[in-house]
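Novice: I have a structure I would like to understand better, so I am pasting it below and will then ask my questions one at a time.
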Amino acid sequence: MKNLLSLALILLVTGQAFAFGSKKNENQEATQQLSPEEAAANLLQKNDLNKDGKLAKNEVNLNFRVKRFKTADTNTDNYLDSTELTNWFQKTNQAKAQTTSAQQ
């Protein structure tokens, strides 16, 4: 259950979540997998409200803030820059790949 919740959060954060069985989604193109760099840039573009090139805690959703922000903030400056976000997405993708291969 914990892995399922983690995967849902990853999909939500990267903008790749979708509703199953929705007619709207049946007609949309399949969501393509973003590289860690693209996912970081996408997250910054959508959430960097003051356009300073980094995300403060108030610029990310509560779930990410509570569960992931501290882990992603490797230099502990209370901001997430593109390098930290890219590294976080890389680690997340690696963990997801390991979980998937272990389940097969």
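Novice: Kindly evaluate Thr86 against the criterion of being at pLDDT below 55, out of contact with any strand residue (DSSP E or B) (no Cβ under 6 Å at 6 or more places or on another chain) and surrounded by 13 or more Cβ atoms within 10 Å (Cβ to Cβ).
Specialist: Taking the combined requirement at face value, the residue does not satisfy it.
Novice: A follow-up question, please. Yes or no: Thr31 at pLDDT 95 or above, among the hydroxyl-bearing types (Ser, Thr, Tyr) and out of contact with any Lys or Arg (no Cβ under 8 Å at 6 or more places or on another chain)?
Specialist: no
Novice: Count, please, the residues in the stretch 31-51 that happen to be surrounded by 12 or more Cβ atoms within 10 Å (Cβ to Cβ) and not aliphatic (A, V, I, L, M).
Specialist: So the answer is 8.
Novice: While we're looking at this one, here's another question. Report the residue count in the stretch 54-104 for those that are among the small types (Gly, Ala, Ser) and closer than 15 Å to Asn42 by Cα.
Specialist: Number satisfying all stated conditions: 1.
Novice: Which of the numbered conditions does Ala95 fail, given that it passes all the others? Conditions: (1) surrounded by 12 or more Cβ atoms within 10 Å (Cβ to Cβ); (2) touching a strand residue (DSSP E or B) at 6+ places or on another chain (Cβ under 7 Å); (3) small (Gly, Ala, Ser).
Specialist: Ala95 satisfies every listed condition except (2).
The values are calculated or read from the model by the stated rules, or taken from the named source; none is laboratory data. Treat the numbers as computed from the prediction; the structure is a model and nothing was measured. So basically every Cβ, Gly included, is an ideal-geometry build from the backbone, and we count neighbours across all protein chains shown.
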